[in-house]
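S.K.: Got a structure for you, questions after.
The values are calculated or read from the model by the stated rules, or taken from the named source; none is laboratory data. For clarity, every value in this text was computed on a predicted model and none was experimentally measured. Every residue, glycine as well, gets a Cβ built from its backbone with ideal geometry; the counts of neighbours run over all protein chains shown. Heads up: the accessible areas ignore ligands, DNA and RNA and are worked out on the full protein's heavy atoms, side chains in. Shrake-Rupley method; radii C 1.70, N 1.55, O 1.52, S 1.80 Å.
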Amino acid sequence: MSDSILAYGLQYGGYILEFAVLVLILRTGRWRRWMGVSLYLLLLLSVDAVGRPLVLHKYGVSSTQYEYFYWLSDVVLTLGAFLLVCSLFRRACAGQEKIWDMLLPTLGAVFALVLGISLATLHEHYKNLLTIFMTEFQQNLYFACLVLNTLLYILLQRRQSEDEELAMTVCGLGIQFAGPAANFALVYLAQGNASFQALYQYLGVFCTIGMLATWGYAVVHVPQPAKVASKERSPVWASSALRS
Amino acid sequence: MVLAAFILISSTALFFFYLQAACQRALNTRFEQEYFRSIVNANRLEFLSLRKELEEYGHAVDYGRLRMTLKCDFLALTYLLKNAANVNQSYSRDESLLMFYFRALFVIVAARRIFRLSEKKAVLKLTAILEYFANVVGQRVSQYRFGNLAPSDYLLEL
């Protein structure tokens, strides 16, 4: 009884926080700078608070449809997070096209590598699609995102970037990736032990809340960089008047 | 199997690394002025003298007193965070995260003591968290006017 209350509390707390951070970004007018984060939050909210409850309501918790929908939507969310990391790399490399040109194929190669390893696992475990394959695929994808995120964090540290917003976003994503990656690895090592699988129910939400708290902090407390007025050329009539 | 074990170990390590990095970045927030001094004086908090002691001698003279001082200051400041000039009477998300970080560091200090490792760095981080809390309380109190009371008088009346 108390377990389910805790699970529901975490679940609905997570939804409220997702909505609150999204509203906060929109209200503070930061959605242009936080475009990737806003889209990811929108995806998170539509899957978490709309899609999953609808399928759950229609088919029930023990149905195969819900199980498939849950894991496939989880893959979509992780892919969304991967794209978000790519967009953060783009932001970190703003104005340095050479680095970005070098990074873009690397990001593609990492994704291809994860997909390749996972497809090899699919070939081995195609009979256990929702147990072994999905666990390993998610574990690999989360870990790839975590490694990329860490590389981004190191890049920011090395360049002594003053973009505090970006640094906090990266820290938040790190929390979101590291917890579930460790949990999936634990499930895989424990050969699908039910109690470790149940742990994901809490750990996943806990990590999402950690990420949202960090992003919320960044939106509220990190000051927006001042807009530097671009040096405009004086109009023709003014320069001719000065010359005369 | 080896890959999964590697992922488990490195992901767990990175989870704590990012948690710590997020907390440290939050602690680096600059305040307009040093609000914490008035709060420390009004409530007779001791973490500043503890920090001075650590910086001078490299270690705390009395470990028992160190633990007690940090614990008492933490309790006093978290009480003030919740009740001093706080309309909602609750902690914000970042305050909750930093409180969790404080408790985790507190356990680490005890563990380092058991394994006879230097606890100076961890204790300095603990005092930095307390300084942050005191700054937040000081900033909040300074933004409100309580009749003719100065911020320190208001705190003494709580």
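S.K.: Would you tally the residues in region B:1-16 being more than 7 Å from every other protein chain (Cβ to nearest Cβ) and open to solvent by less than 50 Å² (accessible area, probe 1.4 Å)?
M.R.: 1
S.K.: Could you check region A:48-68 and list, in sequence order, the residues that are open to solvent by 70 Å² or more (accessible area, probe 1.4 Å) and closer than 22 Å to A:Phe19 by Cα? Working first, answer last.
M.R.: If we filter region A:48-68 for residues that are open to solvent by 70 Å² or more (accessible area, probe 1.4 Å), which is where we start, we get A:50, A:54, A:57-59, A:61-62, A:64-65, A:67-68.
Across region A:48-68, the qualifying residues are A:Val50, A:Leu54, A:His57.
S.K.: When both residues are 6+ apart or on different chains and their Cβ atoms are under 9 Å apart, which pairs have a first residue that lies in region B:23-36 and is over 11 Å from B:Ser142 (Cβ atoms), and a second that is among the basic types (Lys, Arg) and part of a helix (DSSP H, G or I)?
M.R.: That search, which allows pairs on different chains as well, returns B:Cys23/B:Lys125; B:Gln24/B:Lys125; B:Leu27/B:Lys125.
S.K.: Related question: What's the total number of residues in region B:17-40 that are in a helix (DSSP H, G or I), within 7 Å of chain A (Cβ to nearest Cβ) and not hydrophobic (A, V, I, L, M, F, W, C)? Steps first, please.
M.R.: Residues of region B:17-40 that are in a helix (DSSP H, G or I), as a first pass: B:17-27, B:36-40.
Subsequent filtering for residues that are within 7 Å of chain A (Cβ to nearest Cβ) retains B:18-19, B:21-22, B:25-26.
Next, from what is left, pick out any that are not hydrophobic (A, V, I, L, M, F, W, C): B:18, B:25.
So the count comes out to 2.
S.K.: Just to be sure before I move on: is A:Phe133 aromatic (Phe, Trp, Tyr), buried (at least 16 other Cβ atoms within 10 Å of the Cβ) and modelled with pLDDT of 80 or more in the structure I sent? Even if it seems obvious, please write down each step before you answer.
M.R.: Numbers: aromatic (Phe, Trp, Tyr): yes; buried (at least 16 other Cβ atoms within 10 Å of the Cβ): yes; modelled with pLDDT of 80 or more: no.
So A:Phe133 fails the test.
S.K.: Would you mind stating whether B:Thr69 is open to solvent by less than 40 Å² (accessible area, probe 1.4 Å), without any contact (Cβ under 8 Å) to a residue 24 or more places away in the chain and part of a helix (DSSP H, G or I)?
M.R.: On the way: open to solvent by less than 40 Å² (accessible area, probe 1.4 Å): yes; without any contact (Cβ under 8 Å) to a residue 24 or more places away in the chain: yes; part of a helix (DSSP H, G or I): yes.
For B:Thr69, the condition - open to solvent by less than 40 Å² (accessible area, probe 1.4 Å), without any contact (Cβ under 8 Å) to a residue 24 or more places away in the chain and part of a helix (DSSP H, G or I) - is met.
S.K.: Looking at region B:50-67, can you tell me whether even one residue there is under 30 Å from A:Phe206 (Cα atoms) and either at pLDDT below 90 or in contact with a Pro (Cβ under 7 Å, 6 or more places away or on another chain) (or both)? Step through it out loud before you land on a result.
M.R.: Looking only at region B:50-67, we keep the residues that are under 30 Å from A:Phe206 (Cα atoms), and these are B:67.
After this cut, where a residue has to be either at pLDDT below 90 or in contact with a Pro (Cβ under 7 Å, 6 or more places away or on another chain) (or both) as well, the list is B:67.
Among the residues of region B:50-67, at least one is under 30 Å from A:Phe206 (Cα atoms) and either at pLDDT below 90 or in contact with a Pro (Cβ under 7 Å, 6 or more places away or on another chain) (or both), which makes the answer yes.
Per-residue answers, yes or no, for (1) hydrophobic (A, V, I, L, M, F, W, C); (2) in a loop (DSSP other than H, G, I, E, B); (3) in contact with a strand residue (DSSP E or B) (Cβ under 6 Å, 6 or more places away or on another chain); (4) within 17 Å of B:Phe16 (Cβ to Cβ):
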site	(1), (2), (3), (4)
A:Asn140	no, no, no, no
A:Glu162	no, yes, no, no
A:Cys171	yes, no, no, yes
A:Leu186	yes, no, no, yes
A:Phe196	yes, no, no, no
A:Tyr200	no, no, no, no
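S.K.: Is there any pair with a first residue in region A:167-193 that is more than 8 Å from chain B (Cβ to nearest Cβ) and a second that is among the basic types (Lys, Arg) and open to solvent by 10 Å² or more (accessible area, probe 1.4 Å) whose Cβ atoms are under 6 Å apart and which are 6 or more apart or on different chains, and what are they?
M.R.: Correct list of pairs: empty, since none qualify.
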